[in-house]
Amino acid sequence: MPVDWKSILGILTALSLSAAPALGAETRTLRAALHSDLKIVDPIWTTALISVHHGYMIYDTLFALDDKLEVRPQMVERHEMSPDKLTWTFVLRDGLEWHDGEPVTAEDCIASLKRWGARDTMGQKLLSFVAGFEAPDAKTIRMRMKEPYGLVLQTLAKPGANVPFMMPKRVAETDPNQQIADYTGSGPFTFRKEDWRAGEKAVYVKNPRYKPRSEPASGLAGGKVVKIDRVEWLWIADTQTQIDALTKGEIDYIEAPPHDLLPLLQKDPNIELLATNPYGRQYAFRFNTLHKPFDNPKIRQAVAYALNGKDFLDASIGNPKWYRECRSLFPCGSPLESTVGWEDKGGGNAAKARQLLQEAGYDGTPVVLMQQTDIAVLKDSAPVARQALERAGFKVDLQSMDWQTLVSRRAKKDPPSAGGWHAFVTTWSSAEVLDPVATTYLNASCEKASFGWPCDAELERLRDAFAKETDPQKQKAIAEAVQRRAAEAPTHVPLGQYVAPVAFRKNVSGVLVSPNINFWNIEKR
């Protein structure tokens, strides 16, 4: 019987919203177990999801997406585009301050956009169309374009890695390839660096200087009203220990409870589940195209035939009510969903993969496949990939490590034999891969591309064309052309989608539906 996917999401999204009394005067601390330990605290230098979470705690953005994925102003009070579509003007809200009490200025924001744009896929594409920035006064940002660009606001409201977080100019002037050492932001929380212990906990406290918008909170937009005094992220590597701590009231919130333990939580009258990201996440197998054998597009095609998306979903998620098979580069259920170019891939066709390997002259180079061992929805993915690749004729060197080690290693361009890598499996929020420009792994701009560094002039030409186009039907046609090209020279392989609810105790309320978790609007009784 087919899964009623929309009904499941509707039920999950409706689960949590019960009213709570106002906070008392005493300190309110929320203790949360997140999906990963926090080791890298520069959300521009890395695309790691835990670093994105950290960014939303202490920084703010010019624009943001609401719970319907519509763009809303955030730090910006008003904005306009000139009639010739070549000049954008953004005026900041009154009263914005950095954590140290200094005012947020247009020059701070321009420097932040430049640093972010040097690293991020959408930012790079936007800045390639920008002729220059100006700050005619302390609150006004003026962006002059070389030619009209159709994704300006969508880019500035980008919800996932890398998010265009605003930082003080002195921080934003840090080399984009170096990590920052100053964690001053203007967001709703401040980071207690002195209490941060990697492998144990990260601590955030309410920012008394923060001036929230007047609108109700919605997704990542609206009024970020902080209703608790302190948030502690506790690193608990064992998921069963996380569950035990939640049921005993030792912690208040789990970001990523494993799917096989959800029935246990559903039976507990003190626990609620909520699909805070009802759009779900997409699995992806990522190639490093710098080194043999994945410098050869035909060998990457062989991988696309060898892998079976359903095998990954069954191994990592298990229950079909939580996952959806999908052979589209852009999320199934989204406007650009299509199987063009991928109809016969992702189905575990080992014979076709072996044929392509033979035609490509694969010489038996072992594939260094990195396996992350400490994230429930990812730890079983690399063994599944190894089995599929070996059936197709690849030699595979599976190397296990924790997620933060993998995050650091994937930034290395060294040969796999010298500490580099060939491939790994990860996930992206569906809200982050909605189109060819937003999808980080479709950036094929060589050295400027994300780790994996694909280099494909035709793919970049198509992404430029999509960025300039505003007609939805023409955008759809370009997106399908992108899919065809990416099937010929894959940058990654989509492996299906899943939804994962968060779990929290019933004395916690105000948890928002959003493409990224957040801790404003939450109350704890």
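Only the coordinates and a few stated rules stand behind these numbers; no lab work does. Computed from a predicted model, the values in this text were never measured in an experiment. Methodologically, a virtual Cβ is constructed for each residue, glycine included, from the backbone with ideal geometry; neighbour enumeration extends over all protein chains shown.
For the chain, what does the helix formula give at 222 nm: sum of -39500 (n - 2.57) over DSSP H segments with n ≥ 4, over the residue count, nearest 500 deg cm²/dmol?
Per the formula, -7500 deg cm²/dmol.
Work out Dmax and Rg for the stretch 113-230 from the C-alpha atoms and quote the Rg first, both in angstrom.
16.5, 49
Test of understanding: express the Cα radius of gyration of the chain as a ratio to 2.2 N^0.38 Å, with N the residue count.
It is 0.95.
Of Val511, Val437, how do they rank once you tally other Cβ atoms within 10 Å and put the fewest first?
Going from sparsest to densest Cβ surroundings: Val511, Val437.
When the chain is fully extended, how far beyond the present Cα-Cα distance does Glu134 get from Ala237, taking 0.36 nm per residue of separation?
The Glu134-Ala237 span can extend by a further 32.4 nm.
With charges set only on the Cβ (+1 for Lys and Arg, -1 for Asp and Glu), what does the dipole of the stretch 281-498 come to about its Cα centre, in debye to the nearest 20?
160
Using only the Cα atoms of the stretch 281-498, each taken as one equal point scatterer with no solvent, compute I(q) by the Debye sum, divide by I(0), and report log10 of the ratio at q = 0.15 Å⁻¹.
With one equal scatterer per Cα and no solvent, log10 I(q)/I(0) is -0.93.
Starting with the fewest neighbours, write out Trp235, Trp421, Trp322 ranked by other beta-carbon atoms found within 10 Å of each beta-carbon.
Ascending number of Cβ neighbours within 10 Å: Trp235, Trp322, Trp421.
Per residue and in cubic angstrom, what volume does the convex hull of the Cα atoms of the stretch 44-120 have?
131
Could you line up Met81, Met370, Met75 from fewest to most neighbouring Cβ atoms inside 10 Å?
Fewest-to-most Cβ neighbours within 10 Å comes out as Met81, Met75, Met370.
May I ask you to derive the relative contact order of the stretch 420-525, considering only C-alpha pairs under 8 Å and at least 6 residues apart, and to give it as an integer percent?
18
How compact is the stretch 411-513 by the rule of thumb for globular proteins, expressed as Cα Rg over 2.2 N^0.38 Å?
My calculation over the Cα atoms of the stretch 411-513 gives 1.37.
Where in the stretch 376-391 does the label zone of Ala351 land, with the point 7 angstrom along Cα→C-beta and an amide N cut-off under 17 Å?
Hits in the stretch 376-391 for Ala351 at 17 Å: 391.
How high is the relative contact order of the stretch 281-498, in percent, counting Cα pairs under 8 Å that sit 6 or more residues apart?
36
By a straight-distance test (C-alpha under 18 Å), which aspartates and glutamates pair with Lys379 as possible cross-link partners, with residues fewer than eight away in the same chain excluded?
By straight Cα distance, Lys379 reaches Asp37, Asp238, Glu255, Asp260, Asp311, Asp314, Asp397, Asp402.
In nm, give the distance between the simple-model label positions of Glu107 and Ala360, each being 7 Å from the Cα along the Cα-to-Cβ direction.
According to this spin-label approximation, the distance is 5.1 nm.
Given the C-alpha centroids of the stretch 138-164 and the stretch 180-248, what is the distance between them in whole angstrom?
Between the Cα centre of the stretch 138-164 and that of the stretch 180-248, the gap is 26 Å.
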